[in-house]
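Reviewing the structure listed below.
The values are calculated or read from the model by the stated rules, or taken from the named source; none is laboratory data. Everything quoted here is computed from the prediction, not taken from an experiment. As a convention, Cβ positions derive from the backbone with ideal geometry for all residues, glycine included, and neighbour counts pool all protein chains shown. Heads up: the accessible areas ignore ligands, DNA and RNA and are worked out on the full protein's heavy atoms, side chains in. Shrake-Rupley method; radii C 1.70, N 1.55, O 1.52, S 1.80 Å.
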Amino acid sequence: MQRIVLKSAAAQQNGDKLPITPFCLNQTALHSPSEFEVTFIVDKVRYQYGFSATAGRIHEEWLLAYPKRRPQQWFGRVWNWETQLYEWELGSNLTGEKQLWQKSTRDNVLFLSTAVQLNSQQLQPVYGWFKTTLHMPNLGHIGPRSSASLCEKGKKSQVMGILRAADLDVEDIVIEKEPFDPKTLPDDIPEPVKEMIAGDLKDKHIIDIKTVHKSMAGETIAFDFEDESDGTQKLFAFAGPWD
């Protein structure tokens, strides 16, 4: 979704395909548009933006804003299969060169991206959220080291804030460093391999992470990080990239 918002207006030419991969385990979904929607807040205003698309075109696109807690539909468009045209709704609360933006929006490009490229100041905060606020870490390689490093750098309060917001009952995080000890390597590893590993990790430290909880009786109990639930481990790991 982020890629389409940021790249569609600049990179898509007539006939170019959108980077959409349909759900392949359902025959109906395989040939249906994929839908994307996000709700977010910028400068105390809530926005609800979304679109549905196939590789060939944008089928629907909509934006609602809540500047006064009540929804305002700033724009919307729906592809009509019978007429082979878009049905547009450009709300009165959307200001600027709306007709120009509409005429300039190609089938495989978002109206949001087109309008911002053509100097819509009102839609810039929505586009800017995708550009500067939304961060997508590589979840396949994410680990707890980034968050542990954050705690060591005096930003433990940010990490704890995320854990407390999730109501995980973690009272504290304790980060300890221990020099690497070659004796901790498994006995079945060949000696030449052990020596090579020991050489590579000679000046490295093993990070030991402990989470602190309170028992029902009010006692403080430290958990080894590996003993925490998978959900707690993942949320802690995400805290570093989120910051």
TODO: Looking at (1) open to solvent by 60 Å² or more (accessible area, probe 1.4 Å); (2) modelled with pLDDT of 75 or more; (3) in a helix (DSSP H, G or I), find the lone condition where G240 falls short.
DONE: (1)
Task: Where a residue in region 161-173 is within 17 Å of W242 (Cα to Cα) and its partner, wherever it lies, is of a type in the set (G, A, S), with Cβ under 7 Å and at least six apart - done: I162/A239
Task: Selected residue (criterion: surrounded by the most Cβ atoms within 10 Å (Cβ to Cβ)) from residues of region 91-104 that are without any contact (Cβ under 8 Å) to a residue 24 or more places away in the chain and among the hydroxyl-bearing types (S, T, Y) - done: S104
TODO: Provide a single number: the residues in region 197-220 that are surrounded by 11 or more Cβ atoms within 10 Å (Cβ to Cβ) and either at pLDDT 80 or above or assigned to a strand (DSSP E or B) (or both).
DONE: 10
Task: Residue count, region 71-121 (criterion: basic (K, R) and under 19 Å from L18 (Cβ atoms)) - done: 2
Task: Failed item in (1) open to solvent by less than 100 Å² (accessible area, probe 1.4 Å); (2) at pLDDT below 80; (3) out of contact with any strand residue (DSSP E or B) (no Cβ under 6 Å at 6 or more places or on another chain), with F180 passing the rest - done: (3)
